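K.L.:
Quick one: structure below, then a few questions.
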Amino acid sequence: MYWCNREKSRTTFLGDWLRSGDKFRRQSNGRYVYAGRSDDMLKVSGQYVSPVEVEMSLAHHEAVLEAAVVGVERDGLLKARAFVLLKAHVSASNALADEIRAFVKQRLAPHKSPRKIVFVDALPKTATGKIQRFKLRAQS
């Protein structure tokens, strides 16, 4: 049960079932891949985008240490924005942001690529290490 939140408890706990809000994608080999939380999903260009999928793609770039993706509304449209923490030896630049964006476009569908990349010195996290996306949204 959720403390003092009866409606959330009703929609989450359904008899013997639990609706966690976690999203998964099933691969052709039968394995499941975590795709994030349903409340973190972004609807960009009419299609759902998993921030976790974009973050994993960003993390494969050699300059990126860690990344977080949030949705930012501009002119009534939701766009993906990436907050990127670079490795110690790498300097932030517009050219690097363009390179990282192109890198992601090669790995994912174009609408999943972040429209803007913001380089940060640290990502806000909880005591358990989860990224506090609401703080990143507030920065946008």
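K.L.:
Does the stretch 28-45 hold any residues that are modelled with pLDDT of 80 or more, out of contact with any strand residue (DSSP E or B) (no Cβ under 6 Å at 6 or more places or on another chain) and open to solvent by 50 Å² or more (accessible area, probe 1.4 Å), and which are they?
P.N.:
Within the stretch 28-45, 28, 29, 31 qualify.
K.L.:
Working only within the stretch 91-107, note down all residues that are in contact (Cβ under 8 Å) with a residue 24 or more places away in the chain and under 26 Å from residue 138 (Cβ atoms).
P.N.:
92, 96, 100, 104
K.L.:
Tell me which residues, restricted to the stretch 81-108, are of a type in the set (Lys, Arg) and either open to solvent by less than 70 Å² (accessible area, probe 1.4 Å) or touching a Lys or Arg at 6+ places or on another chain (Cβ under 7 Å) (or both).
P.N.:
Once the filter is applied, which keeps residues that are of a type in the set (Lys, Arg) and either open to solvent by less than 70 Å² (accessible area, probe 1.4 Å) or touching a Lys or Arg at 6+ places or on another chain (Cβ under 7 Å) (or both), the stretch 81-108 yields 81, 101.
K.L.:
Related question: Counting just the residues of the stretch 125-140 that are outside any helix (DSSP H, G or I) and closer than 21 Å to residue 53 by Cβ, which one comes out most open to solvent (accessible area, probe 1.4 Å)?
P.N.:
In this case the residue turns out to be 130.
K.L.:
For the stretch 62-71, indicate whether the set of residues that are at pLDDT below 95, over 29 Å from residue 11 (Cα atoms), touching a strand residue (DSSP E or B) at 6+ places or on another chain (Cβ under 8 Å) and open to solvent by less than 50 Å² (accessible area, probe 1.4 Å) is non-empty.
P.N.:
Within the stretch 62-71, none of the residues are at pLDDT below 95, over 29 Å from residue 11 (Cα atoms), touching a strand residue (DSSP E or B) at 6+ places or on another chain (Cβ under 8 Å) and open to solvent by less than 50 Å² (accessible area, probe 1.4 Å).
K.L.:
Taking the stretch 48-79 as the search range and keeping residues that are in a helix (DSSP H, G or I) and of a type in the set (Val, Ile, Thr), which one is farthest from residue 106 (Cα to Cα)?
P.N.:
Taking the candidates together, the pick is 52.
K.L.:
Within the stretch 46-61, which residues are hydrophobic (A, V, I, L, M, F, W, C) and open to solvent by less than 10 Å² (accessible area, probe 1.4 Å)?
P.N.:
Residues satisfying the conditions are 49, 54, 58.
K.L.:
Another one. Before we move on, is residue 8 modelled with pLDDT under 85, surrounded by 12 or more Cβ atoms within 10 Å (Cβ to Cβ) and either in contact with a Cys (Cβ under 7 Å, 6 or more places away or on another chain) or assigned to a strand (DSSP E or B) (or both)?
P.N.:
For residue 8, the condition - modelled with pLDDT under 85, surrounded by 12 or more Cβ atoms within 10 Å (Cβ to Cβ) and either in contact with a Cys (Cβ under 7 Å, 6 or more places away or on another chain) or assigned to a strand (DSSP E or B) (or both) - is not met.
The values are calculated or read from the model by the stated rules, or taken from the named source; none is laboratory data. All values derive from a computational prediction rather than experimental measurement. Glycine also receives a Cβ, built like all others from the backbone with ideal geometry; neighbour counts cover every protein chain displayed. All accessible areas refer to the heavy atoms of the entire protein, side chains included, with ligands and DNA or RNA removed. Shrake-Rupley method; radii C 1.70, N 1.55, O 1.52, S 1.80 Å.
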